[in-house]
Structure formats: structure tokens, C-alpha cells
1. Stretch Leu143-Lys55 to full length: gain in nm at 0.36 nm per residue minus the Cα-Cα span?
2. For region 38-129, how big is the tail of P(r) above 16 Å, as a whole percent of Cα pairs?
3. Check the straight Cα-Cα distances from Lys144 and name the aspartates and glutamates below 18 Å, setting aside those fewer than 8 residues away within the same chain.
4. Local charge sum around Ile69 (other residues, Cβ-Cβ under 10 Å, Lys/Arg +1, Asp/Glu -1)?
5. All other residues with a Cβ under 14 Å from the Cβ of Val56 taken together, and with Lys, Arg as +1 and Asp, Glu as -1, what is their net charge?
6. With just the Cα atoms defining each centre, how far is region 66-105 from region 109-145? Give it in Å.
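Values quoted throughout were computed directly from the atomic coordinates according to the rules given, and no laboratory measurement underlies them. On a predicted model such as this, the values are computed, not experimentally measured, just so you know. Here Cβ is always computed from backbone atoms with ideal geometry, including for glycine, and neighbour counts include all displayed protein chains.
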Amino acid sequence: MKKILWSVFAFVAIPTLLGCAVVLNSSDVPSGEKIFVLAEGGFPEGGVFTSRQSKVISTQEEYATELAIYTKAAPVNIDFKKGKVLLVDMGRRSSGGYTVRVASVDETDNWVVVNVELVMPGPNCIVTMSLTNPYQFVFIPSLKEVLISEKLVVTEC
């Protein structure tokens, strides 16, 4: 019975949750925070899958254009005199269980190092058998050059 309930949850609830986009306002960034998630999701709402990429965005127009590929939510107004937006996109994946996230930001005198975690399910994980495309838009409150460091994390279930 547990297996049947888990299967129903996995095939109905998880794709629904992955498709939800979260959109927040960059003006709400608490003082001293190094990252602020603007939008994230499990696949683009328009149904068009994208390629794996990391992109630094430094204008409102470019941010609005990129965001429109991923979600129908309206872009928030970003003060690009105070920082940049970073898009991290894991690209098309053959199943659920994949996520991408900015784990931390380390600022030096010359640049900002953004530490990105690419999370994939381990061999014993039960995942949905549907295409996913994890992405995240984050506001980085710095005008310094952005360097990206990626780390692969395998989830053990």
C-alpha cells in the first residue's frame, strides 16, 4: 500500500511542485545578504526546454527577456546599480530529482565567486519519469566580476 501511495505522489504531486515558479522582489534583500532568489523552478512554464548555462545579467531588459523563457511571472524591478542577476540553468534532464541552486557567494577585493550546486538523484532514488529543466535566478548585490564555481552533489536516498 505504501508503494502505491508513493507512486501516486511521485507521478502527480512532484511534477506539479517542480513546475511552480517562485518569484520575489529584489528590493526585499536583507542588508548584508550575498544572494537573493528571484525565481526558480523545475521546468520552463512555456514548455520549451533550454540548454545548460550560467549567465550574468546586467540590464532590466535582458532580465525580463530571460525570465520570460522560464516563467509567465512578471519580472521585478531590479536596481542594476546595486548588483547583477545570475541565471543558473541545469538544462534538460530525463527525470525528476535534479535541482540547481546557488549555495553561497564569496566576495573578494576583485570579484565575486558564486558557488553553484548541481544536485542529481542517486541510483536508489525514486524519481518522476518526466522531463525536467531546473533553473534559478538570483540577485547578487555586487557590481564586481562574477566567477562561477560548480559542484556536483549526488542525493543518497
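1. 30.2 nm
2. 62 percent
3. Glu33, Asp79, Asp106, Glu107, Asp109
4. So the surrounding residues net to -3.
5. -1
6. For region 66-105 versus region 109-145, the Cα centre distance is 9 Å.
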